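This report refers to the structure that appears directly beneath it.
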Amino acid sequence: MKKRILASSLITVIFALIVVTCSFIALLNIKEINKTKELLEVYNDIIIKNNTFEDLSEFTINKSRVRFTIVDKSGNVIKDTENNNLENHLDREEIIGAFESGKYSSARYSYTEGINVVYFATKIDENTVIRAAVPLNDIKVFKEMYMKYYFIIIFFVILLCIGLSLKLIRAIIYPLKELELATNKIANGDYSRRVNIHTNDEIGSLANTFNNMAEQLQLKIIDSMDKQNKLEAILESMESGVIAVDNKQKVILINPYAKNLFGINENIIGENISEYIIDYDIISFMRDIPEIETKEIKLMHPIPRELRIKKAPIINSKKIPIGVVLTVLDISDIKRLENIRSQFVANVSHELKTPLTSIKGFAETLKYVEDNNTRNKFLDIIDKETERLTNLINDILILSNIENSNKMKEEGFKAEEVIEDVINIVVNSINTKEVEINFDNRGIKELLGDRDKFYQMILNLVENAIKYSKDKVIINIKAYDKKNYSYIEVEDDGIGIPKEDLPRIFERFYRVDKSRAKGGTGLGLAIVKHIVKMFNGEIFVDSIVDKGTKFTIKIRKTKKLTDVNI
């Protein structure tokens, strides 16, 4: 830019100098020619007045001798100081003009001499004209002695031109550099950058306009970033997936929840969604024109899930669809809870129906039985089924009470004392099996919570160990502290639990022994699991068929229990 301005300025000045010089020379030439014509006129008048036609060699202009020619009315040359053998001059412009008006001058090319000549003709009488002539080249406009002054003037003019051009360059380039620097800063994220130019010209107006534009741009970008941050925060905190794609199935937006649902661990913005979601139903639902806006789909990859997907078109300012946005909700837990609820109702109905059927059947039979032994036998069966029904209802009420209670009593108690009470109760109440219980107490610290719930939890585990063991039961109970946790282990050498049943043993009414030969309600381990949660703990199970089962309870030590969601 700087070089172009400097070059343009120099070219303009030089061109102007050339034009002015040429014009000046042309004006001087015209003036000199007119002056020469006047002098030639004077010479002609002197010759006519003094009638000195014989000796004409004394007249000169710029040290160049003047040529005189005398022509008659017929155009014949009577006398010429340079050449005696000349053709007829009747067609010469100055001759014709002199005969007509008395005096006439011209500056033209002479075919006789082959050069440009200045002529002035004066009529002597009606039959004769005298013409004075001098070569145009002999009329010197510029003197050689003045040439150096001309060059000095031109040199200083060029220097002045360069100085003015540099000043002009600084006046233009500096504000532009300021604008360029500010533009680069803004492009690199420094939206507070402004141009510091304090002039009232066009560049100052441009700087003010630029600063206003930068101010508006900064406000717009801040507002846009605030909206984007809010949108990102909302999308990241949503408990449902959001995916937006364009008409070419390129991903515009995807939130972390959706990535987790489909097992995506990388940034896929701009990628084709079909390369990352391997499910025909989802892709086809996404591609269809919004005929179906909501659909439930079972996803098989990366893990089986039940999804509810809703879609809506993305419309641009011209009301043209440019893509689609999907909201994906994982309803696997809802489906599972619905299934559990359905199974619970079916199981409760079945568990209640069996003893009630027995009670009703034997009660009706007693009407027709007169034998006391048979009557007593039927009454014992009714009593047994009634007890079973009572235990079932009690367990259901206990489980319901635990699930509906967000808080439990907070009291300090010694776990080893509760475990010893359970051991004494179990050993004294069961006579059909030889029960051997080994309690390894390694100094577990005081626990905080509901002592009765803890007692019921240990009792259920020990009773299960006895119930699902062979004769001569050996039960090992271990209690110890490790770091910030208290551990209670209940291990038996019974029949064990098959591997395929382990994930479901804490479900309501789920029995490993499907025949119900062992009795029980099928709610014991479900109650245990909920009590463990109330103590802010976890329960684990390890089992090998025909070798035994070990339950491990891990309770975090806390000074005070908070509300616990069951």
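The values are calculated or read from the model by the stated rules, or taken from the named source; none is laboratory data. Note that this is a predicted model, so its numbers are computed, not measured. So basically every Cβ, Gly included, is an ideal-geometry build from the backbone, and we count neighbours across all protein chains shown.
Taking segment 295-312 as the range and being surrounded by 14 or more Cβ atoms within 10 Å (Cβ to Cβ) and of a type outside the set (A, V, I, L, M, F, W, C) as the test, the residues that pass are 295, 305, 306, 308, 310, 311. Of all the listed residues (255, 260, 265, 272), the sole one being within 18 Å of the chain's Cα centre (by Cα), surrounded by fewer than 16 Cβ atoms within 10 Å (Cβ to Cβ) and polar (S, T, N, Q) is 272. Please go through segment 438-452 and pick out each residue that is surrounded by fewer than 11 Cβ atoms within 10 Å (Cβ to Cβ) and either in a strand (DSSP E or B) or not assigned by TED's automatic domain parsing to the domain that holds residue 478 (or both). Of everything in segment 438-452, just one residue is surrounded by fewer than 11 Cβ atoms within 10 Å (Cβ to Cβ) and either in a strand (DSSP E or B) or not assigned by TED's automatic domain parsing to the domain that holds residue 478 (or both), namely 440.
For segment 525-551, the candidate set comprises residues that are acidic (Asp, Glu) and under 20 Å from residue 470 (Cα atoms); within that set, the residue that is surrounded by the fewest Cβ atoms within 10 Å (Cβ to Cβ) is 546. Taking segment 462-477 as the range and being surrounded by 18 or more Cβ atoms within 10 Å (Cβ to Cβ) and either assigned to a strand (DSSP E or B) or within 57 Å of the chain's Cα centre (by Cα) (or both) as the test, the residues that pass are 473, 475, 477.
For segment 93-103, does any single residue satisfy the condition of being charged (D, E, K, R) and closer than 17 Å to residue 42 by Cα? Scanning segment 93-103, I find at least one residue that is charged (D, E, K, R) and closer than 17 Å to residue 42 by Cα, so the answer is yes. Using the structure shown, decide if residue 13 is over 17 Å from residue 124 (Cα atoms) and either part of a helix (DSSP H, G or I) or of a type outside the set (D, E, K, R) (or both). Yes, satisfied. In segment 469-496, of all residues being of a type in the set (A, V, I, L, M, F, W, C) and modelled with pLDDT under 85, the one that is nearest to residue 542 (Cα to Cα) corresponds to 495. Of all residues in segment 498-509, those that are modelled with pLDDT under 85, assigned to a loop (DSSP other than H, G, I, E, B) and within 17 Å of residue 551 (Cα to Cα) total 3.
Which residue out of 23, 106 is part of a helix (DSSP H, G or I), outside the structural domain of residue 162 (by TED's automatic domain parsing) and not acidic (Asp, Glu)? Exactly one residue qualifies, and that residue is 23. Can you name the residue in segment 269-311 that is among the aromatic types (Phe, Trp, Tyr) and farther than 15 Å from residue 325 by Cβ and is also modelled with the lowest pLDDT among such residues? Looking at the filtered set, the residue picked out is 280. So, residue 84, is that one exposed (fewer than 14 other Cβ atoms within 10 Å of the Cβ), closer than 18 Å to residue 118 by Cα and more than 60 Å from the chain's Cα centre (by Cα) or not? Criteria not met by residue 84. Once segment 109-128 is narrowed to residues that are under 16 Å from residue 37 (Cα atoms) and in contact with a Lys or Arg (Cβ under 9 Å, 6 or more places away or on another chain), the residue that is surrounded by the most Cβ atoms within 10 Å (Cβ to Cβ) is 121.
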